[in-house]
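K.L.:
One structure, as structure tokens, below. Some questions next.
The values are calculated or read from the model by the stated rules, or taken from the named source; none is laboratory data. This is a predicted model, so every value here is computed, not measured. Quick reminder, even Gly has a Cβ in these numbers, built from the backbone with ideal geometry, and neighbours come from all protein chains shown. The protein model used for the area step is the full one, side chains on, heavy atoms only, and it has no ligands, DNA or RNA in it. Shrake-Rupley method; radii C 1.70, N 1.55, O 1.52, S 1.80 Å.
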Amino acid sequence: MKQVLLGAAAALISAGVAMAQTVAVTNARIVTNEDAGVIESGVIVIEDGAISAMGADAAVPEGAEVLDAEGQWVTPGVFAPFGHVGMVEIGATEGSNDISADESELNISLNALDSYNPKATSIPITRIEGVTHAAISPGTGRTLFGGVGAIVDLSGDFDSTVKENAFLYLQMGERGAGLAGGSRSASWAYLRAALKEAQRANRFFSKPTDEGLLNIHDAQALKTAVNGDMPFVIEVDRASDIMRVIALKEDHKKLDVIILSGAESWMVAEELAEAEIPVILDPMENLPFALESVGARLDAAKLLADAGVQFALTTGAGNDDTHQVRLLLQQAGNAVANGLSWDAAFAAITREPADIYGLGGRLGALATGQTANLVVWDGDPLEVTTSPTAVFIDGERLPLTSRQTVLRDRYMDIENRDEPFAYR
């Protein structure tokens with residue numbers, strides 16, 4: 001037993017030494033996402049997982065590990081504002097797909113963290129593209145409610161939760177209509193009735209009548225959002241549906257509402273700005289995949305920005321986005337190609353998602369005293385030919401390897417391998 005305790009003590013000491021490692025990133029073009037703007041040639045010092053010094057004149061501490069960026073870009077890590085990364089391995093294989101629970105009696109109280117696997121192969125695949133954080137959510141099952149989402153980092157560690165109970169996801173519009181019985185009237189009636197039940201829910205509540213919609217577990221989960229302690233992420237595309245969401249917030253003053261997808265949100269941008277409702281937008285949604293999105297256009301992000309709407313960019317919405325979170329930078333680049341400024345586009349995949357989920361000041365920007373979540377790039381991160389050369393999460397530099405890179409390296413030069421052919 002004594003040897004075990006001594007071994008554990010030694011491990012803790014080693015962990016403390018590793019945590020205390022000081023790293024200085026020098027000769028860096030630093031995109032702060034703060035009032036400091038872009039520091040054309042500066043130093044970032046990382047100590048104990050945080051940025052201890054940053055700037056053109058920041059000194060390199062004695063004994064620090066020096067990472068010479070050689071003029072490369074250094075930015076906050078990318079924040080994917082919605083998706084299911086880490087919740088599915090193979091979408092078509094039921095046993096490895098934990099996004100939706102079509103047969104469950106529960107829906108609102110389903111929690112994304114219970115399905116999240118930080119060791120999923122999609123985590124390093126996404127991380128090596130510069131994505132350090134993500135909002136994960138259950139998908140819809142039997143009803144228009146999906147469940148409770150969370151914010152996680154993509155370190156691959158089991159303690160990678162940044163914020164639990166971060167939002168409640170629900171589906172309105174065409175899909176919501178189908179889930180509620182076949183019409184938008186049915187989905188709005190269901191939602192309003194559910195909100196009323198949640199308002200009077202308490203720990204003794206089961207169902208107010210035999211015809212009640214919610215069980216005690218779902219009612220309690222919904223009550224948290226109704227009280228304004230957890231935002232509603234409502235997926236909706238049609239402009240008229242978005243106006244119904246604005247009216248819903250007006251009727252329920254405590255509701256903290258976020259629009260997801262919002263293909264026609266540009267049509268009601270002024271109303272969204274006045275209501276202070278942010279939008280998580282897919283900037284490449286420009287084809288009318290459904291009648292509710294016939295007004296989709298490629299410059300929607302610019303139009304939202306011009307109207308003063310707070311927005312973030314995503315790669316998809318609802319049950320669709322599972323493996324392509326890593327393409328978020330391309331989405332932002334395409335938004336720039338369609339009129340959005342570079343600064344606004346990059347903020348929409350870093351600082352703005354953090355602000356929308358109440359994590360402003362912790363994520364999405366680089367400043368002295370903040371946790372060191374940053375990426376070193378070999379060029380403009382919104383260019384498709386650019387790649388990260390270093391990724392730090394909570395001050396720890398993580399390897400730029402994934403299952404794909406390992407397979408690439410294993411078979412790239414197969415003819416010159418020493419192993420017998422069957423083992424190459």
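K.L.:
Determine, from the Cβ-Cβ distance of V38 and E94 and an R0 of 56 Å, the FRET efficiency 1/(1 + (r/R0)^6), rounded to the nearest 0.05.
P.N.:
Here the calculated transfer efficiency is 0.70.
K.L.:
Now, a different point. Kindly report the accessible area of region 82-198 per residue (heavy atoms of protein chains, probe 1.4 Å, no ligands, DNA or RNA), in Å².
P.N.:
Heavy-atom accessible area per residue stands at 36 Å².
K.L.:
Pick from G369, G181, G147 the residue whose mean-square fluctuation is largest in a GNM of the chain, springs joining Cα atoms under 10 Å.
P.N.:
Looking only at G369, G181, G147, the biggest GNM fluctuation is shown by G181.
K.L.:
Using θ = phi - 60° and the Karplus relation 6.51 cos²θ - 1.76 cosθ + 1.60, list the HN-Hα couplings for region 121-134 in order, rounded to whole Hz, with x at every Gly or Pro.
P.N.:
My calculation for region 121-134 gives 5, 6, 5, x, 4, 6, 5, 6, 9, x, 8, 9, 9, 8 Hz in order.
K.L.:
Leaving ligands, DNA and RNA out of it, report the carbon-plus-sulfur percent of the accessible area of region 264-339 at a 1.4 Å probe. Don't jump to the answer; show the numbers that get you there.
P.N.:
Values: 1560 of 3170 Å².
So the carbon and sulfur contribution to the accessible surface is 49 percent.
K.L.:
Determine the share of region 98-248's accessible area contributed by carbon and sulfur atoms, expressed in whole percent, with a 1.4 angstrom probe.
P.N.:
Values: 2690 of 5870 Å².
About 46 percent, which is the carbon plus sulfur part of the accessible surface.
K.L.:
Can you give the calculated 222 nm mean residue ellipticity of the chain, where each DSSP H run of n ≥ 4 adds -39,500 (n - 2.57) and the sum is split over every residue, rounded to the nearest 500 deg cm²/dmol? Before the final figure, lay out the partial values.
P.N.:
Details: 12 runs with 118 residues, N = 424.
Here the helix-only value at 222 nm equals -8000 deg cm²/dmol.
K.L.:
Roughly how many debye, to the nearest 20, is the charge dipole of region 176-302 about its Cα centre, given +1 on each Lys and Arg Cβ, -1 on each Asp and Glu Cβ, and no other charges?
P.N.:
Charge dipole of region 176-302: 500 debye, to the nearest 20.
K.L.:
With the other protein chains left in place, how much accessible area per residue, in square angstrom, belongs to region 309-424 at a 1.4 angstrom probe?
P.N.:
It amounts to 47 Å² per residue over region 309-424.
K.L.:
State which entries of K119/K302; K223/K302; K196/K302; K119/K253; K163/K253 exceed 31 angstrom in Cα-Cα distance in the structure shown.
P.N.:
Beyond 31 Å between Cα atoms: K119/K302; K223/K302; K196/K302; K119/K253.
K.L.:
Over the alpha-carbon set of region 287-424, work out the extent along each principal axis and list the three values in angstrom, largest first.
P.N.:
Taking max minus min along each principal axis of the Cα atoms, region 287-424 gives 64, 46, 28 Å.
K.L.:
Moving on to the next point. Taking amide H positions as placed 1.01 Å from N in the peptide plane, with prolines and chain starts having none, which residues 5 or more places from N111, or on another chain, fall under 5 Å of its amide H?
P.N.:
V148
K.L.:
OK, next. Given the peptides 129-136, 375-382, arrange them by the average over their residues of other C-beta atoms within 10 Å, most packed first.
P.N.:
Values: 129-136: 26.8, 375-382: 19.8.
The most tightly packed comes first, giving 129-136, 375-382.
K.L.:
Decide, for region 72-156, between rounded, prolate and oblate: order the square roots of the alpha carbon gyration tensor eigenvalues as a ≥ b ≥ c, take rounded if a/c falls under 1.5, and otherwise choose prolate if a/b is larger than b/c, else oblate.
P.N.:
In terms of gyration-tensor shape, prolate.
K.L.:
Among the helices of the chain (complete DSSP H runs), which have Cα atoms covering no less than 20 Å along the helix axis and a Kyte-Doolittle mean of at least 1.0?
P.N.:
2-19
K.L.:
Are there GluC sites (Glu not before Pro) in region 331-424 that DSSP puts in a loop and that have at most 16 other Cβ atoms within 10 Å, and which ones?
P.N.:
Answer in residue order: E383.
K.L.:
If packing is taken as the average count of other Cβ atoms within 10 Å, what order do 337-349, 255-267 fall into, highest mean first?
P.N.:
Ranked from most to least packed, the peptides come out as 255-267, 337-349.
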